[in-house]
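The values are calculated or read from the model by the stated rules, or taken from the named source; none is laboratory data. From a predicted model like this one, the values you see are computed outputs, not experimental measurements. Heads up, the Cβs are rebuilt from the backbone with ideal geometry, glycines too, and the neighbour counts pull from every protein chain shown.
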Amino acid sequence: MNRSILEKELKKAHVSFKGWVSLECDDCKEVWQPFNEAIGDNSPTAKLEFWRCPNNCNRGTVVSQGLQTASPKYIMLRDIPGMVFGDEDLPQFERYVRSMDATEIPTGRNLI
């Protein structure tokens, strides 16, 4: 399941993406990262019900089979963390990371 389809499913659970690595509860505005801590050289792994608000705001929400089986993958590109759900999300995340490249701006010191 790609990120754009998943976004609609998350909305039904009162959850929104917050950047590329966090989720936000639409009700209480709690922000969390849906990954367990990494152990050793392993990447962090997604929690089973990654979409559940830590404050249990969406505890009784029934979600689609697609959301229940979605598994976010933690990635790191140029030291920038991200969460993707399928191969089709990767190019969009790469564009996001490239957009953060520093642009050299002349300071004017050597212009005189």
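Here are some residues: 78, 59. Which one is touching a Lys or Arg at 6+ places or on another chain (Cβ under 8 Å) and loosely packed, with under 14 Cβ neighbours inside 10 Å?
Only one candidate qualifies: 59.
Can you name the residue in segment 7-25 that is part of a helix (DSSP H, G or I) and not basic (Lys, Arg) and, of all such residues, is surrounded by the most Cβ atoms within 10 Å (Cβ to Cβ)?
Checked segment 7-25; the qualifying residue surrounded by the most Cβ atoms within 10 Å (Cβ to Cβ) is 10.
So for segment 44-52 (the condition being outside any helix (DSSP H, G or I) and either more than 24 Å from residue 88 (Cβ to Cβ) or modelled with pLDDT of 95 or more (or both)), does at least one residue qualify?
yes
If you scan segment 70-99, which residues turn out to be part of a helix (DSSP H, G or I) and in contact (Cβ under 8 Å) with a residue 12 or more places away in the chain?
88, 89, 90, 92, 93, 94, 96, 97
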